[in-house]
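Written out below as structure tokens is the structure these notes cover.
The values are calculated or read from the model by the stated rules, or taken from the named source; none is laboratory data. None of the values given here were measured: they were computed from a predicted structure. Methodologically, a virtual Cβ is constructed for each residue, glycine included, from the backbone with ideal geometry; neighbour enumeration extends over all protein chains shown. The protein model used for the area step is the full one, side chains on, heavy atoms only, and it has no ligands, DNA or RNA in it. Shrake-Rupley method; radii C 1.70, N 1.55, O 1.52, S 1.80 Å.
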Amino acid sequence: MTALIIFLILALLLITGMPVSIALGLTVFSFLFAFSDVPMDSIALKLFTGIEKFEIMAIPFFILAGNFLTHGGVARRMIRFASSMVGHWHGGLGLASVFSCALFAAISGSSPATVMAVGSILLPAMVRQGYPKQFGVGTITSSGGLGILIPPSIVMVMYAVATSGMVVKGPNGEDVLSASIGDLFIAGVVPGLVLAAMLAGTTTWRAWKNNYPRQPRAPFADRWTAFRESVWGLMLIVIIMGGIYGGIFTPTEAAAVSAVYAFIVAVWIYKDIKLRDVPKVLLNSAAMSAMLLYIITNAVMFAFILTSEQIPQSLSEWIVSLGLGKVGFLLVVNVLLLMIGMVMEPSAIVLIMAPILYPVAMALGIDPVHFGIMLVVNMEIGLCTPPVGLNLYVASSLSRLGLTEVTRSTWPWLLTMLLFLMLVTYVPAVTLFLPRLMGM
């Protein structure tokens, strides 16, 4: 009954159109005043201690790095490199969109930013080359989802933050450690590459079926030039991943290093951003960071109320008693997250649902890293589904097509992503192969 009251209050507030962050906060205070004896002092203390985690500092730094590279010419150079490599294949510019999104995802950590950076350059180019606008929109909207799957990923950081410090039991009563940001980053590499390959296959098949134009094969000299021009941006991938797994710095420190490196590349090496424009980039990054951190603070309070009322534990015991097993539970979770993903933003979903679903998953013996990547893939699909899919709105503004038309254009790639979700869900080796290979 307590859980029903809490979620009923939250649902009523969300129906009014209230922002998720404010709805979470008001839900907590409404429940405290009317239905709970928990003192307000404890909420204030939890609010302070809940957001002083070192891992949270990675979020504004990754946002800042992505903004420096988005405002600079890094995306343009990566797109030129991808086009020179695959432009002569069927649907060449469409394939270039997929691989450009994969490359930019490895330095941005955000799906909407990936769609904006790649789509603003490649979508007009595809239309000029004779591709239907709908084909370009579908390719870029879906491929932009790679932004939160290929590390670094802000959503992975959110999952690690939401589950860190939770005391949960495994199927045999043993304590289960939460997944670290580093584990999640390395686990996202293989799934990200597999999904990029599957989206590329869908793109090639549709281009071949409809006989879309192909570019001339780029000579080796052009490919080498494109690579040399883009290498400074590509080096950020090596710095982040190599630094973390080489033991040089933590993921949070890697985020700070990436922000400094992105500033140097954009301002001093490529010189795409003038020093007078840097305050604007900083202000934009601060606004985005504040929005996410405000969601986190309210989600921390919401998770505290759930924990104090023993809701996750009770839910875990109830679901385990149903005898669904891993297969049934994972299917239910996927359906639930896909439905919620249609109406909520990924970061808010992870912060709300992870503390609830995580103890159940651990009680059933599901690997915390595998479960985290599965959640991220669900969020990725949610970004491409109406009515609240952020990628759809970004693509709509770029293409000047209506939301319905953009959604219709995306469906072949969306089906591919659903097939990939089933693969990740029921073949854990896709996610856990690389971490196990590295002895993690």
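Residues in the stretch 1-47 that are not in a helix (DSSP H, G or I) and not hydroxyl-bearing (Ser, Thr, Tyr) were compared, and the one that is nearest to the chain's Cα centre (by Cα) is 19.
Inside the stretch 389-404, residues that are touching a helix residue (DSSP H, G or I) at 6+ places or on another chain (Cβ under 8 Å) and open to solvent by 20 Å² or more (accessible area, probe 1.4 Å) make up a count of 8. Exactly one residue out of 211, 172 is without any contact (Cβ under 8 Å) to a residue 40 or more places away in the chain, under 24 Å from residue 92 (Cα atoms) and out of contact with any strand residue (DSSP E or B) (no Cβ under 6 Å at 6 or more places or on another chain): that is 211. Within the stretch 119-152, the residues that satisfy the criterion of being of a type in the set (S, T, N, Q) and at pLDDT below 85 are 120, 129. Count of the stretch 324-367 residues, restricted to those that are in contact with a Pro (Cβ under 6 Å, 6 or more places away or on another chain) and among the basic types (Lys, Arg), is 0.
Here the condition is being within 25 Å of residue 277 (Cα to Cα), in contact with a Pro (Cβ under 7 Å, 6 or more places away or on another chain), among the hydrophobic types (A, V, I, L, M, F, W, C) and touching a residue at least 40 places away in the same chain (Cβ under 8 Å); of 62, 68, 104, it holds for 62 alone.
Within the stretch 391-440, restricting attention to residues that are part of a helix (DSSP H, G or I) and among the basic types (Lys, Arg), the residue that is nearest to residue 139 (Cα to Cα) is 408. So which of 206, 228, 217 ends up being part of a helix (DSSP H, G or I) and farther than 21 Å from residue 410 by Cβ? Checking each option against the conditions leaves just 228.
Residues in the stretch 4-35 that are buried (at least 16 other Cβ atoms within 10 Å of the Cβ) and over 24 Å from residue 388 (Cβ atoms): 5, 31, 32. Looking across the stretch 85-129 at every residue that is among the polar types (S, T, N, Q) and assigned to a helix (DSSP H, G or I), the one that is most open to solvent (accessible area, probe 1.4 Å) is identified as 120.
Scanning the stretch 264-281 for residues that are among the aromatic types (Phe, Trp, Tyr) and open to solvent by 60 Å² or more (accessible area, probe 1.4 Å) yields a single hit, 268. For the residues 193, 184, the requirement of being open to solvent by 70 Å² or more (accessible area, probe 1.4 Å) and modelled with pLDDT of 90 or more singles out 193.
The sole residue among 264, 340, 305 that is closer than 21 Å to residue 390 by Cβ and of a type in the set (A, V, I, L, M) is 340.
Counting just the residues of the stretch 233-257 that are open to solvent by less than 10 Å² (accessible area, probe 1.4 Å) and within 19 Å of residue 100 (Cβ to Cβ), which one comes out nearest to the chain's Cα centre (by Cα)? Ranking the candidates gives 240 first.
The conditions of being within 30 Å of residue 71 (Cα to Cα) and either assigned to a helix (DSSP H, G or I) or free of Cβ contacts under 8 Å to residues at least 12 places away in the same chain (or both) are met by residue 292. Would you be able to say whether some residue in the stretch 163-181 is open to solvent by less than 20 Å² (accessible area, probe 1.4 Å), closer than 30 Å to residue 412 by Cα and of a type outside the set (D, E, K, R)? Scanning the stretch 163-181 turns up no residue that is open to solvent by less than 20 Å² (accessible area, probe 1.4 Å), closer than 30 Å to residue 412 by Cα and of a type outside the set (D, E, K, R).
Just to be sure, is residue 385 part of a loop (DSSP other than H, G, I, E, B) and closer than 24 Å to residue 122 by Cβ? Judged against the criteria, residue 385 is a match. From the list 271, 280, 326, the lone residue that is of a type in the set (Lys, Arg), at pLDDT 75 or above and under 22 Å from residue 112 (Cβ atoms) is 280.
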